[in-house]
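Report on one structure; see the data block that follows.
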Amino acid sequence: KFQWIFLIFVISQCIVICQKLNETENLIRLRDCGNDFLPRPSSDEKGVEFDYLNLTSGWLLWTSQVLNKTNYKQSAAFPISNRHVFTSSQLVLTEKKQWVVDGSEFKECNNSQADIPDHVAQNLTVSFARTKSFKVLRGRMFFACGREDFDLMYTPLLLETTPLNLLKIPCLAADESDVKIGADVDAYGLDGGKMKHHKIKVDGYTFTKEATDTWIYTTNPYHDVYDRGGPLVMNVNGKATVIGLKASTAPGWAKGNYFFSMPKLRDEICEYSGVCFVKNFTEALATEAPVTPKDSGTPRRPSPDTHEPKERKRPTYSEGVEPKESESDEDEEDTDILLSKDFFTGETRRKNLNFLIISFVFVFLLV
């Protein structure tokens, strides 16, 4: 009996770990992100609807939780990798901090973070337009503890999903220098079930490591119903980059909108998902990330000087989330190989994991 319990535990841990981006996948993400801007039909803060449900390409998502035939919750969302999606906790919690799915009270919180229960995650769906939908495996809320303004702002919710298989995803701002005061930015969110675009400006932003949370404040204000969770997108060096997640219209006398800062969450995002900021990205890309040739059926030939050993350099991740060093030389496999789309989405990894699990079970039973 103990053997079976141990076996199930090992398998469950492998399944959880396999969803986090590895170092190479993260470098590929950084290389390929931000090449697709969303529709921008509005010229000011007034929301303009676009034909979102009939889109056949892009990366803007929406999340939903069906409670019964007439009651459901939904929120705008956006991917940060092909397995991780940001949205708002309004999808899973009421303004009184009760789980929407069963009315139980939200209690567990640790270091301003909280993982959503399995039965809550299993009731969520992530969708692209009307063409694709994906299951949610687990999720974590940030800035989740002791918020007096929770009923107004809610919190960012990062979901881990089955592979999205999106051809394009946005970049994620990981450094406060990406946020420029006075810059034109594009906000997206749901208003009465319709996806809308708003053209606004960054009016204020302060970044301090000591702050509980850091807001990106924009003007002019716009008032849409339950539009939290949508991305605030800026053109950073020609790439579509998400700098914030919609919290709420500014309360009271204020004349703007609040967005949760993505740079503020840099380390927490990296720890949970493997979507990490790399300081020496150009150097790391040259030494770590493989180039995917157009002819995906033909392996690349080795270069004439492949016999010459090269020093492998690991990318420098943000402080506090350094990846673990390999325990042996066998772990330092050559990553200069042809990567298929299946590898990027995690399909190959799951096949290898399935083979490993089956082999493990077979040997285990023989013993």
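The values are calculated or read from the model by the stated rules, or taken from the named source; none is laboratory data. As the structure is a prediction and not an experimental result, all values here were calculated from the model. Heads up, the Cβs are rebuilt from the backbone with ideal geometry, glycines too, and the neighbour counts pull from every protein chain shown. Protein only, heavy atoms only, side chains kept; ligands, DNA and RNA dropped before computing areas. Shrake-Rupley method; radii C 1.70, N 1.55, O 1.52, S 1.80 Å.
Worth pointing out:
- Selected residue (criterion: surrounded by the most Cβ atoms within 10 Å (Cβ to Cβ)) from residues of segment 1-27 that are outside any helix (DSSP H, G or I) and modelled with pLDDT of 90 or more: 21
- Hits in segment 251-272 - residues which are open to solvent by 10 Å² or more (accessible area, probe 1.4 Å) and not in a helix (DSSP H, G or I): 251, 252, 253, 254, 255, 258
- When 218, 162, 241 are checked against the criterion of being under 14 Å from residue 34 (Cβ atoms) and hydroxyl-bearing (Ser, Thr, Tyr), 241 stands alone in meeting it.
- In segment 137-147, the residues that are among the aliphatic types (A, V, I, L, M) and open to solvent by less than 10 Å² (accessible area, probe 1.4 Å): 141, 144
- Residue 111 being modelled with pLDDT under 95, under 23 Å from residue 19 (Cβ atoms) and open to solvent by 60 Å² or more (accessible area, probe 1.4 Å): yes
Quick grid of which residues meet (1) closer than 23 Å to residue 132 by Cβ; (2) in contact with a helix residue (DSSP H, G or I) (Cβ under 7 Å, 6 or more places away or on another chain); (3) surrounded by 21 or more Cβ atoms within 10 Å (Cβ to Cβ):
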residue	(1), (2), (3)
29	yes, no, yes
66	yes, no, no
75	yes, yes, yes
90	yes, no, yes
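- Pair list, Cβ under 7 Å, 6 or more apart: segment 235-250 residue farther than 15 Å from residue 186 by Cβ, other residue among the charged types (D, E, K, R): 247/228; 248/228
- Matching residues in segment 217-246 - criterion: being part of a strand (DSSP E or B), over 16 Å from residue 63 (Cβ atoms) and open to solvent by less than 40 Å² (accessible area, probe 1.4 Å): 218, 219, 232, 233, 234, 236, 240, 241, 243, 244
- Flag if residue 44 is among the acidic types (Asp, Glu), touching a residue at least 12 places away in the same chain (Cβ under 8 Å) and surrounded by 14 or more Cβ atoms within 10 Å (Cβ to Cβ): no
- Scanning segment 275-288 for residues that are surrounded by fewer than 21 Cβ atoms within 10 Å (Cβ to Cβ) and assigned to a loop (DSSP other than H, G, I, E, B) yields a total of 3.
- Pick from segment 197-215, criterion at pLDDT below 95 and within 23 Å of residue 63 (Cβ to Cβ), ranking: surrounded by the most Cβ atoms within 10 Å (Cβ to Cβ): 215
- Some residue of segment 92-112 being within 20 Å of residue 273 (Cα to Cα), under 17 Å from the mean Cα position of the chain (by Cα) and not hydrophobic (A, V, I, L, M, F, W, C): no
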